[in-house]
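The next block holds one structure in the form of structure tokens; read it before the comments.
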Amino acid sequence: MTANLLDFDLEGLAGFCERLGEKRFRAVQLFRWIHQKGATEFDDMSDLAKSLREKLKTSAVVRALPVLSQHISADGTIKWLFDVGGGNAIETVFIPEDDRGTLCVSSQAGCAVGCRFCSTGHQGFSRNLSAGEIIAQLWFAERFLRSHLERGERVISNVVMMGMGEPLQNYSALVPALRVMLDDHAYGLSRRRVTVSTSGVVPMIDRLGQDCPVALAVSLHASNDPLRNELVPLNRKYPIAELLAACRRYLAVAPRDFVTFEYCMLDGVNDTPAHAAELVALIQAQGERGSWCKFNLIPFNPFPASGLIRSSATSVARFAKTLSDAGIVTTIRKTRGDDIDAACGQLAGDVKDRTNVTTRMSKHRIVKIEAAITLPNAFNENTFNDQ
Ligand code: SAH
Ligand code: SF4
């Protein structure tokens, strides 16, 4: 069977080389060609022996994902829709900023968690992506950006697993993909610059801490269990107390000294002063007056079937102020890629693309900027920076 070399981390590739009767260290050369130079043709890999190239041609491929569409926003944000077969598509988004470039990567086609406010959740689960399909998003984006921007250096400095899907419900593919991201012979990203976002798969948070501790973001969205049970159904299995305890355990191995909580702001549902106060008490009960975490408030991106409404700018600012006044560092997610969002970001249903494949779209959570919000200086602009 032909192997897709994008599926392998360095250890896996070394094993593959061994099975071909080659020395393990050949994997390093091969890995660099694939991930650092973006090569797909074995004949281009000039420092590999001809005999190895011939073996590779019959046993392996570097298989990227077909691009269904690409949208470039006026602010430089780029969104790609990739075909993953069987009528499914996934989204990947590049968000450029002055000092870095962040890639938002998908882990599944659809999602089984079924959060009320999430269009991916509404669509249901199609399938897990393979490690190769996860890494193919980074491989493609890096290659595209480098040729597009005509720059030699790395363009993507941060990866967030915040596209479609629940990464910790696709653990066996996630971990090798993370290892490729971190490997100095591939993308060489620091652990602090790779973030896994989860709706709270408690046992897998612990495993991630053991196997591959990267930065952790947890989608909290509620200040008590009855509300979170409604918004994030997984809460019925892993309630808030267990989730917060797992976050605290994770801190012992985390590359940063905080966990980020994401909180989707839903008008009248989870955004009142009472919710903010309840949240402060919940977080501070875990100790250190809440300085062990940061909050990222995400104004809800509406989609038709949700029946939910985005919180007003005033409610978001008021909520943020309550957390901030209590000493909890809080940011409001910045707006990027507004214009392309309108085109394909927040679709709830299936869409037909030019090739007539029915593709399943996720929401995208690049939110509109709430222009008039003035924030106390305890807010920093970015949640995922290094400070
Ligand atoms: N499944 C993972 C990662 C993908 S979702 C998780 O839930 O964490 C990434 C973030 O976008 C999560 O915090 C999620 O709650 C949020 N999100 C989902 N749908 C949204 C919407 N319609 N508007 C705003 N944020 C949304
Ligand atoms: Fe899945 Fe995350 Fe959407 Fe919930 S918010 S349905 S976990 S992708």
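The values are calculated or read from the model by the stated rules, or taken from the named source; none is laboratory data. A quick note: this is a predicted structure, and the numbers were derived from the prediction, not measured. Backbone-built Cβ (ideal geometry, glycine too); neighbour counts: all protein chains shown. The protein model used for the area step is the full one, side chains on, heavy atoms only, and it has no ligands, DNA or RNA in it. Shrake-Rupley method; radii C 1.70, N 1.55, O 1.52, S 1.80 Å.
Taken over segment 112-130, residues that are closer than 29 Å to Asp75 by Cα and either among the acidic types (Asp, Glu) or outside any helix (DSSP H, G or I) (or both) amount to 2.
For the residues Ser197, Ser223, Ser190, Ser219, the requirement of being under 19 Å from Lys294 (Cα atoms), touching a helix residue (DSSP H, G or I) at 6+ places or on another chain (Cβ under 8 Å) and open to solvent by 10 Å² or more (accessible area, probe 1.4 Å) singles out Ser197.
Cβ-Cβ contacts under 9 Å between residues 6 or more apart (or on different chains), taken from a first residue in segment 291-311 that is in a loop (DSSP other than H, G, I, E, B) and more than 16 Å from ligand 2 (Cβ to nearest atom) to a second residue that is open to solvent by less than 10 Å² (accessible area, probe 1.4 Å) and among the aliphatic types (A, V, I, L, M), are listed as Ser291/Ile328; Trp292/Val259; Trp292/Ile283; Ile309/Leu266; Ser311/Met265; Ser311/Leu266; Ser311/Leu297. A residue that is under 18 Å from Asn170 (Cβ atoms) and over 14 Å from the mean Cα position of the chain (by Cα) occurs nowhere in segment 93-109.
When residues in segment 16-57 are screened for being within 23 Å of Leu145 (Cα to Cα) and of a type in the set (Gly, Ala, Ser), 2 of them pass.
Conditions tested, residue by residue: (1) in a loop (DSSP other than H, G, I, E, B); (2) crowded, with 19+ Cβ neighbours inside 10 Å.
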{"position": "Leu30", "(1), (2)": "no, yes"}
{"position": "Asp43", "(1), (2)": "no, no"}
{"position": "Asp47", "(1), (2)": "yes, no"}
{"position": "Thr58", "(1), (2)": "no, no"}
{"position": "Asp75", "(1), (2)": "yes, no"}
{"position": "Gly87", "(1), (2)": "yes, no"}
{"position": "Val93", "(1), (2)": "no, yes"}
{"position": "Leu103", "(1), (2)": "no, yes"}
{"position": "Ala109", "(1), (2)": "no, yes"}
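The residues listed here are Ser69, Ser59, Ser126, Ser46; of these, the one that is among the polar types (S, T, N, Q) and within 19 Å of the chain's Cα centre (by Cα) is Ser126. Please indicate, with yes or no, whether at least one residue in segment 252-272 is at pLDDT below 95, surrounded by fewer than 20 Cβ atoms within 10 Å (Cβ to Cβ) and within 16 Å of ligand 2 (Cβ to nearest atom). No, every residue in segment 252-272 fails to be at pLDDT below 95, surrounded by fewer than 20 Cβ atoms within 10 Å (Cβ to Cβ) and within 16 Å of ligand 2 (Cβ to nearest atom). When you go through (1) away from ligand 2 (no atom under 16 Å from the Cβ); (2) more than 18 Å from the chain's Cα centre (by Cα); (3) modelled with pLDDT under 95 one by one for Ile78, which number turns out not to apply? Result: Ile78 passes all but (2).
The one condition from (1) surrounded by 15 or more Cβ atoms within 10 Å (Cβ to Cβ); (2) within 23 Å of Gly188 (Cβ to Cβ) that Asp83 does not meet is (2).
With respect to Val214, determine if the residue is β-branched (Val, Ile, Thr) and free of Cβ contacts under 8 Å to residues at least 40 places away in the same chain. So Val214 does not fit the description; no.
Suppose we keep only residues that are within 16 Å of ligand 2 (Cβ to nearest atom) and surrounded by fewer than 24 Cβ atoms within 10 Å (Cβ to Cβ) within segment 171-187. Which one would you say is nearest to Cys115 (Cα to Cα)?
Filtering segment 171-187 for residues that are within 16 Å of ligand 2 (Cβ to nearest atom) and surrounded by fewer than 24 Cβ atoms within 10 Å (Cβ to Cβ), the one nearest to Cys115 (Cα to Cα) comes out as Tyr171.
Within segment 1-19, the residues that satisfy the criterion of being over 24 Å from the mean Cα position of the chain (by Cα) and surrounded by fewer than 16 Cβ atoms within 10 Å (Cβ to Cβ) are Met1, Thr2, Gly15, Glu18, Arg19.
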